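The values are calculated or read from the model by the stated rules, or taken from the named source; none is laboratory data. Keep in mind that what you see is a predicted model, and the values were worked out from it rather than measured. When we count neighbours, we look across all protein chains shown, and the Cβ atoms used for this are built from the backbone with ideal geometry, even at glycine. Only protein heavy atoms, including side chains, enter the accessible area calculation; ligands, DNA and RNA are left aside. Shrake-Rupley method; radii C 1.70, N 1.55, O 1.52, S 1.80 Å.
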Amino acid sequence: MTLHMPPSGGVLAFPPVPRDPGFGVYVHWPFCAAKCPYCDFNSHVRQKPIDQDRYAAAFEREIAEAARRSPGETVTSIFLGGGTPSLMEPATVGRILDAIAERWTVADGAEVTLEANPSSVEATRFRGYRASGVNRVSLGVQALNDRDLRRLGRLHDVEQALGAIELARATFPRLSFDLIYARPEQTVAGWEAELTQAIDLAADHLSLYQLTIEEGTAFHALHKAGKLIVPDGELSADLYEATQSLTATRGLPAYEISNHAVPGAESRHNLTYWRYGLYAGIGPGAHGRMMGEDGRHAVANEPLPETWLKMVEAWDSGAITDELLTETEQADELLLMGLRLTEGIDLARWRRLTGRDIDPESEAELRAHGMVERIGPDRLRATPAGMLVLDAVVADLA
């Protein structure tokens, strides 16, 4: 992708993002240096060094098997997530990307994203990732003050975060970083000041997530014991609305409930998910949506890294579930994913899956309450008010 650099103070110009969902490849690196107390992702801490050569060989085998199941696809995006993929050596990343290019056609200008934590960022490693083919990095910054970084269990401080952002901007054509809000003791004014700083640092994309208390995490136990107090529903809504307003004013409007970008700089890979495209899931705990002769399948891999490794070495796949989705299940997934987007869902595609229209009474009631709206005759989207209660909106429509 060619980026047209603006004059000082301007914004990057991007070509339009195609509407076709594309075909993505997600690669999961499950290892972290430490487990964050809010995290419920499939991530694991190991005291001994990881045998990266052995894991790279397993990734290669599972990629070959996934390509056998989905021949002829053109890969439009690759996402190396985790865990902490920036703990991988550049040579490991290179082997994975080479294996994908060997087994599928990779589109010219395909988006190749790697997640990185500021605590594991090194200039030589970043240059190695770039040389391997990574053209977009997503940094897990999470907060821009040291007190909250410590509270969130992060291993970096603000100085390291700022250094990582600067290095990423100098190394990669595209950059995103994450922040978590609705944190304990956070105010709207404090969040607006922090978000303003983040927008000044941002290149073209920000992911801004409300802190959620997930069962099984350390934060869940603290919250249940009354030792962790998070903003109530009203304050969380105020924080969300402040987020939407400030990012839109500064040229990074929301294109999805938690993601903001300069128009044209949206994450191609995540759009594949939200537009209900097909994607291969590679690695421990990875999920995929693959097309078979009998229809669309939901595939999920064994989450424990060591068990997944042995499975792939024995059978070329770490899949533990591979289920044919019914048309109703597909329609529900299309709603659940597509209504996260400000562009909404394609109702013609919904009708092709279900053979019917969205229930007119449910839609009419939601429209009367200002929860959904039509964009022309054949697209439906959630309104800003509907985004605040999206699960309920989806349940009513489904």
Whichever residue in the range 293-312 is of a type outside the set (S, T, N, Q) and in contact with a Ser or Thr (Cβ under 9 Å, 6 or more places away or on another chain) and, among such residues, is surrounded by the fewest Cβ atoms within 10 Å (Cβ to Cβ): G295
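Kindly establish whether A170 is more than 24 Å from P253 (Cβ to Cβ), touching a residue at least 24 places away in the same chain (Cβ under 8 Å) and out of contact with any Lys or Arg (no Cβ under 7 Å at 6 or more places or on another chain). Before you say what the answer is, go through the steps one by one.
Working: more than 24 Å from P253 (Cβ to Cβ): yes; touching a residue at least 24 places away in the same chain (Cβ under 8 Å): no; out of contact with any Lys or Arg (no Cβ under 7 Å at 6 or more places or on another chain): yes.
It is false that A170 is more than 24 Å from P253 (Cβ to Cβ), touching a residue at least 24 places away in the same chain (Cβ under 8 Å) and out of contact with any Lys or Arg (no Cβ under 7 Å at 6 or more places or on another chain).
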Of all residues in the range 75-94 being part of a strand (DSSP E or B) and in contact with a Gly (Cβ under 8 Å, 6 or more places away or on another chain), the one that is most open to solvent (accessible area, probe 1.4 Å): T76
K35 vs. criteria farther than 14 Å from Y129 by Cβ, touching a residue at least 60 places away in the same chain (Cβ under 8 Å) and open to solvent by 60 Å² or more (accessible area, probe 1.4 Å): yes
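Tally time: how many residues in the range 144-198 are of a type outside the set (A, V, I, L, M, F, W, C) and part of a loop (DSSP other than H, G, I, E, B)?
11
Conditions tested, residue by residue: (1) among the hydrophobic types (A, V, I, L, M, F, W, C); (2) exposed (fewer than 15 other Cβ atoms within 10 Å of the Cβ); (3) touching a Lys or Arg at 6+ places or on another chain (Cβ under 7 Å).
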{"position": "A364", "(1), (2), (3)": "yes, yes, no"}
{"position": "H369", "(1), (2), (3)": "no, yes, no"}
{"position": "I375", "(1), (2), (3)": "yes, yes, yes"}
{"position": "V389", "(1), (2), (3)": "yes, no, no"}
{"position": "V394", "(1), (2), (3)": "yes, no, no"}
Selection within the range 96-112 - in a helix (DSSP H, G or I) and of a type in the set (V, I, T): I96, I100
Failed item, numbered, when E323 is tested on (1) in contact with a strand residue (DSSP E or B) (Cβ under 9 Å, 6 or more places away or on another chain); (2) open to solvent by less than 40 Å² (accessible area, probe 1.4 Å); (3) closer than 30 Å to E60 by Cα: (2)
Of all residues making up the range 167-224, the number that are touching a His at 6+ places or on another chain (Cβ under 9 Å) and among the acidic types (D, E): 1
Scan of the range 312-325 for residues that are assigned to a helix (DSSP H, G or I) and touching a residue at least 12 places away in the same chain (Cβ under 8 Å), ordered by number: V312, E313
Qualifying residue in the range 195-213 (condition: modelled with pLDDT of 95 or more, in contact with a strand residue (DSSP E or B) (Cβ under 7 Å, 6 or more places away or on another chain) and more than 22 Å from V137 (Cα to Cα)): no
Contacts under 7 angstrom Cβ, first residue in the range 298-311 being within 16 Å of A66 (Cβ to Cβ), partner open to solvent by less than 30 Å² (accessible area, probe 1.4 Å) and in a strand (DSSP E or B), 6 or more apart: V299/G281; V299/G288; V299/M290; N301/G281; W308/N301
Residues satisfying the stated conditions in the range 260-306, i.e. more than 24 Å from R379 (Cα to Cα) and assigned to a loop (DSSP other than H, G, I, E, B): G283, P284, G285, A286, E293, D294, E302, P303, L304
In the range 208-259, the residues that are assigned to a helix (DSSP H, G or I), open to solvent by 50 Å² or more (accessible area, probe 1.4 Å) and hydroxyl-bearing (S, T, Y): S245, T249
Yes/no for R340 being in contact with a Phe, Trp or Tyr (Cβ under 6 Å, 6 or more places away or on another chain) and surrounded by 20 or more Cβ atoms within 10 Å (Cβ to Cβ): yes
Of the criteria (1) modelled with pLDDT under 95; (2) open to solvent by 30 Å² or more (accessible area, probe 1.4 Å); (3) on the phi < 0 side of the Ramachandran plot, which one W315 fails: (1)
